[in-house]
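J.: Before we start, here is the structure in question, set down as structure tokens.
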Amino acid sequence: MKSVSVVVVGGGVVGFSTAVCVAEALPFCSVTLLAEKFTPDTTSDGAAGLLFSAPFPDIALERQRRWFKDGLDHLMAIAASANSPDAGVMLSSGWQIFKEVPEEKTPFFADLVPSFRLMTERELKQFPGHKFGHAFSTIKCECSTYLLWLEKRLKKAGGRVQQRKVNRLEELSGYDIIINCSGLGARTLVGDTTVYPVRGQVLKLEAPWLKHFIRAGDGMTYIYPGIHHVTVGGTRQQDDWRLEVDDGDTQSILQRCSQLVPSIGKAKVLGQWVGLRPSRRNPRVEREVVQLGGRRVPVVHNYGHGGWGVTLAWGTALDALGLVRQVLHELPLQAKL
């Protein structure tokens, strides 16, 4: 089979995951990844990176479970390998705690993560005011390290990486297949105004005595120990485009986290970060054919993961790979149109 030129737009965790999946599985494809920004300047870089998810309303739950499981299995294998420190991937155990008993007592991924169980009353005494909780293990993925590791893996598979801003799909009409992993950029790249920002602010602390993750049930307050620092947060401010650190948010985060773990007050602040989650009612993982420069060009979309990009990236990348395979199967037909 002659070489098929594939371009992936987007340098975050979804873009690199998708490019690696295609380059490794389809060696006859020439894969180029284009992005305006790369690590440490992507939204993925500041992600807390704990594998965790909530269900999307209009996607079959089995498909979402597959995305979660594929991502977890992929990262668990890295965590158990010699690549763990180089990739920034580690196993993490901890608690999700609730002030009131939730309607659904177990999340949809409960049987997929290791060691899931309900917290005991004795454990809950650590967190006054909280009546219910989950204890389990999952993956902590530090994207500033992981993205560099994925880039090396992509290049090893023959892929290329170029820094370039793509404003319109028409600029990519020379490629055989376009894969759109542009996140929030999809608003302008493909005119999708249903994708919107949810502003997130986090702090990175020096607190090596903290070993377990703690996540409040509202998803707003969390403490995630990592390899080099502890990430604490956060904010979920919809349609807020501000990228500057907000001192009020900083104080709120420290106050809320100190209520859960008083020793947070003794931690040294190493840095602060703000990012815009590319949110959508549901992620868009589908294909279409668009008319570009007099040609019908297949486009595979994979964006709109919101705060679950790190969790779902590998799973949706495998789905995108499946869509690319479908396109390749039909390419001879496309050529006749």
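The values are calculated or read from the model by the stated rules, or taken from the named source; none is laboratory data. Remember, it's a predicted structure, so these values are computed and weren't measured experimentally. Quick reminder, even Gly has a Cβ in these numbers, built from the backbone with ideal geometry, and neighbours come from all protein chains shown. Each accessible area value is taken on the protein alone, full model and side chains, heavy atoms only, with ligands, DNA and RNA left out. Shrake-Rupley method; radii C 1.70, N 1.55, O 1.52, S 1.80 Å.
J.: Checking residue 243 against (1) out of contact with any helix residue (DSSP H, G or I) (no Cβ under 8 Å at 6 or more places or on another chain); (2) not in a loop (DSSP other than H, G, I, E, B): exactly one of these is not met. Which one?
T.: (2)
J.: Consider residue 256 carefully, then state whether it is surrounded by fewer than 22 Cβ atoms within 10 Å (Cβ to Cβ), touching a strand residue (DSSP E or B) at 6+ places or on another chain (Cβ under 9 Å) and either touching a residue at least 60 places away in the same chain (Cβ under 8 Å) or among the polar types (S, T, N, Q) (or both).
T.: When the stated conditions are applied, residue 256 does not pass them.
J.: Can I ask one more? Being of a type in the set (Ser, Thr, Tyr) and either exposed (fewer than 13 other Cβ atoms within 10 Å of the Cβ) or in a helix (DSSP H, G or I) (or both) is the filter here, so list the residues in the stretch 53-103 that pass it.
T.: 81, 84
J.: Now a separate question. Which condition number does residue 270 fail, the rest of (1) closer than 22 Å to residue 45 by Cβ; (2) surrounded by 15 or more Cβ atoms within 10 Å (Cβ to Cβ) being met?
T.: Only one criterion is unmet by residue 270, namely (2).
J.: Does the stretch 310-320 include one or more residues that are closer than 23 Å to residue 67 by Cβ, open to solvent by less than 10 Å² (accessible area, probe 1.4 Å) and either in contact with a Lys or Arg (Cβ under 7 Å, 6 or more places away or on another chain) or among the aromatic types (Phe, Trp, Tyr) (or both)?
T.: Yes, the stretch 310-320 contains a residue that is closer than 23 Å to residue 67 by Cβ, open to solvent by less than 10 Å² (accessible area, probe 1.4 Å) and either in contact with a Lys or Arg (Cβ under 7 Å, 6 or more places away or on another chain) or among the aromatic types (Phe, Trp, Tyr) (or both).
J.: Separate question: Only one residue in 50, 33 is open to solvent by less than 10 Å² (accessible area, probe 1.4 Å) and either modelled with pLDDT of 95 or more or in contact with a helix residue (DSSP H, G or I) (Cβ under 8 Å, 6 or more places away or on another chain) (or both), so which one is that?
T.: Just a single option satisfies the conditions, and that option is 33.
J.: Please enumerate the residues belonging to the stretch 288-306 that are under 24 Å from residue 56 (Cβ atoms) and buried (at least 20 other Cβ atoms within 10 Å of the Cβ).
T.: 299, 300, 301, 302, 303, 304, 305, 306 - these are the residues of the stretch 288-306 that are under 24 Å from residue 56 (Cβ atoms) and buried (at least 20 other Cβ atoms within 10 Å of the Cβ).
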